[in-house]
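Asks: One structure, as C-alpha cells, below. Some questions next.
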Amino acid sequence: MIDTYRHKGLRKKLVEALEEKGIKDEAVLKAILTVPRHFFLDAVFTEQAYSNMPFQIGAGQTISHPFTVAFQTELLALKKGDRVLEIGTGSGFQTSILCEVGAKVFSIERQRELYLKANRIVPKLGYNAKLKYGDGYKGWPSFAPFDKIIVTCGAPFVPDELVEQLKPGGIMVIPIGAGKEQEMLLIKKDQEGKLSQEKLGVFSFVPMLKETAK
Ligand code: SAH
C-alpha cells in the first residue's frame with residue numbers, strides 16, 4: 001500500500017468537509033489528515049476512500065463514515081495518554097485515529113477475521129494499540145478502569161460492565177438503539193460516580209451482537 005500526494009490531497013479535502021459539518025477539534029482533524037484511510041479498505045474502494053461514506057470491510061461489517069469517526073472522537077475530549085476502550089475494532093481505522101490523537105487504546109472485536117486483519121494493519125502504521133478478539137459487552141476488566149470508552153456498534157442498551165469500567169471523571173460515547181438507527185449518547189461519570197447523559201443525534205451503525213463470532 002502506498003500513500004501518494006493525491007491521497008494526501010483527498011484527505012485535506014475530507015478535513016475541509018468535516019470542518020464544514022461542524023468538527024472543530026484540531027487534534028481530531030489533524031489525525032484524519034494523517035491516517036491513510038485507504039489502507040483500511042479493499043483496493044477496489046481506494047478511489048472513494050476519502051469521500052464521507054461507509055464501506056464493507058468483510059464479515060458483513062462496515063467501516064464508519066469519517067464524520068462519525070471524527071464526531072465520536074471529538075466527544076471523547078481526549079488528552080494525551082488517556083486510556084481508551086473501544087468496542088468494535090472493525091477495520092482498525094477508528095483505533096488508529098485514537099492512537100494518532102495520543103490515546104493508549106484497548107480495542108475489542110467479536111469477528112475473528114476482522115480482529116486478525118486489524119492486528120496486522122494497525123501496528124504496520126506504527127500504532128501500538130492493544131487488540132483483543134472477544135465480546136465487547138464484557139469490556140476488558142484486566143485493563144480497567146478507562147478514562148474514555150467508545151462503542152462503534154449500535155448497542156441495544158448501555159452494558160453495566162462498561163459503566164463499571166469507566167473511571168470517575170470519565171466519558172463514554174455509545175450509540176443506543178436496537179433497530180437500524182441509534183441515538184448517540186454521551187455519558188459522563190463524575191468524581192462521585194454519578195452518571196449524566198446527553199443525546200447527540202441519530203446515526204446508523206451495525207448492531208452490537210452478543211458473544212464472539214467464528
Ligand atoms: N471502529 C470500526 C467500526 C466497525 S463497525 C472501524 O473504524 O472500522 C462495528 C464493529 O463492531 C464490527 O466490526 C462488529 O463486528 C463489531 N461488534 C459488534 N458487536 C460486537 C461486540 N459485542 N463486541 C465487540 N465488537 C462487536
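The values are calculated or read from the model by the stated rules, or taken from the named source; none is laboratory data. Because the structure is predicted, anything quoted here is derived from the model rather than measured. So basically every Cβ, Gly included, is an ideal-geometry build from the backbone, and we count neighbours across all protein chains shown. Keep in mind that these areas ignore ligands, DNA and RNA; they rest on the heavy atoms of the full protein, side chains included. Shrake-Rupley method; radii C 1.70, N 1.55, O 1.52, S 1.80 Å.
Asks: Can you tell which of Phe143, Phe93 is farther than 26 Å from Leu200 by Cβ, of a type in the set (Phe, Trp, Tyr) and out of contact with any Pro (no Cβ under 8 Å at 6 or more places or on another chain)?
Replies: Values: Phe93 fails: farther than 26 Å from Leu200 by Cβ.
Phe143 is the lone residue from the list that is farther than 26 Å from Leu200 by Cβ, of a type in the set (Phe, Trp, Tyr) and out of contact with any Pro (no Cβ under 8 Å at 6 or more places or on another chain).
Asks: For Ala77, which of the numbered conditions (1) out of contact with any helix residue (DSSP H, G or I) (no Cβ under 7 Å at 6 or more places or on another chain); (2) on the phi < 0 side of the Ramachandran plot fails to hold?
Replies: Condition (2) is where Ala77 drops out.
Asks: May I ask you to verify whether Gly88 is under 22 Å from Lys188 (Cα atoms), modelled with pLDDT of 90 or more and either of a type in the set (Val, Ile, Thr) or surrounded by fewer than 23 Cβ atoms within 10 Å (Cβ to Cβ) (or both)?
Replies: So Gly88 does not fit the description; no.
Asks: Look through segment 189-214, keep the residues that are closer than 25 Å to Gly90 by Cβ and of a type in the set (Lys, Arg), and return whichever of them is farthest from the ligand (Cβ to nearest atom).
Replies: Ranking the qualifying residues of segment 189-214, first place goes to Lys199.
Asks: With the checklist (1) open to solvent by less than 50 Å² (accessible area, probe 1.4 Å); (2) within 18 Å of Thr152 (Cα to Cα); (3) under 16 Å from the mean Cα position of the chain (by Cα) in hand, flag the one item Leu29 doesn't pass.
Replies: Only one criterion in (1) open to solvent by less than 50 Å² (accessible area, probe 1.4 Å); (2) within 18 Å of Thr152 (Cα to Cα); (3) under 16 Å from the mean Cα position of the chain (by Cα) is unmet by Leu29, namely (2).
Asks: Scanning for something touching a Pro at 6+ places or on another chain (Cβ under 6 Å), near the ligand (Cβ under 10 Å from one of its atoms) and within 16 Å of Val151 (Cα to Cα), does segment 54-62 turn up at least one residue?
Replies: Going through segment 54-62, the residues touching a Pro at 6+ places or on another chain (Cβ under 6 Å) turn out to be 62.
Subsequent filtering for residues that are near the ligand (Cβ under 10 Å from one of its atoms) retains 62.
From what's left, within 16 Å of Val151 (Cα to Cα): 62.
Looking for residues that are touching a Pro at 6+ places or on another chain (Cβ under 6 Å), near the ligand (Cβ under 10 Å from one of its atoms) and within 16 Å of Val151 (Cα to Cα), one finds at least one in segment 54-62, hence yes.
Asks: So, one more: Given (1) more than 9 Å from the ligand (Cβ to nearest atom); (2) surrounded by fewer than 19 Cβ atoms within 10 Å (Cβ to Cβ), where does His38 come up short, assuming only one miss?
Replies: (2)
Asks: Criterion first (more than 10 Å from the ligand (Cβ to nearest atom) and either closer than 28 Å to Lys199 by Cβ or polar (S, T, N, Q) (or both)) does Gln48 satisfy it?
Replies: Spelling it out, Gln48 is indeed more than 10 Å from the ligand (Cβ to nearest atom) and either closer than 28 Å to Lys199 by Cβ or polar (S, T, N, Q) (or both).
Asks: So, one more: May I ask you to say which residue of Gln61, Gln56 is in contact with a Cys (Cβ under 9 Å, 6 or more places away or on another chain), open to solvent by 20 Å² or more (accessible area, probe 1.4 Å) and either among the aliphatic types (A, V, I, L, M) or modelled with pLDDT under 95 (or both)?
Replies: Gln61
Asks: Testing Phe67 on (1) in contact with a helix residue (DSSP H, G or I) (Cβ under 8 Å, 6 or more places away or on another chain); (2) within 17 Å of Gly154 (Cα to Cα); (3) modelled with pLDDT under 95; (4) open to solvent by 10 Å² or more (accessible area, probe 1.4 Å), one condition comes back false. Which one is that?
Replies: Failed condition: (3).
Asks: Within segment 123-156, can you find the residues that are within 11 Å of the ligand (Cβ to nearest atom) and either farther than 22 Å from Leu209 by Cβ or of a type in the set (S, T, N, Q) (or both)?
Replies: Within segment 123-156, Thr152 is the sole residue that qualifies.
Asks: List, please: which pairs have Cβ atoms under 7 Å, are six or more places apart or on different chains, and start with a residue in segment 63-89 that is away from the ligand (no atom under 14 Å from the Cβ) and end with one that is in a loop (DSSP other than H, G, I, E, B)?
Replies: Sorted first by the residue in segment 63-89, then by its partner, the pairs are Glu74/Ile23; Glu74/Asp25; Leu78/Val101; Leu78/Gly102; Leu78/Ala103; Lys80/Gly102; Gly81/Gly102; Asp82/Ala103.
Asks: Report those strands (runs of 3 or more DSSP E) wholly inside segment 118-176 carrying at least 2 residues which are within 16 Å of the chain's Cα centre (by Cα) and closer than 13 Å to Phe106 by Cα.
Replies: Strands (runs of 3 or more DSSP E) meeting the threshold: 130-133, 146-151.
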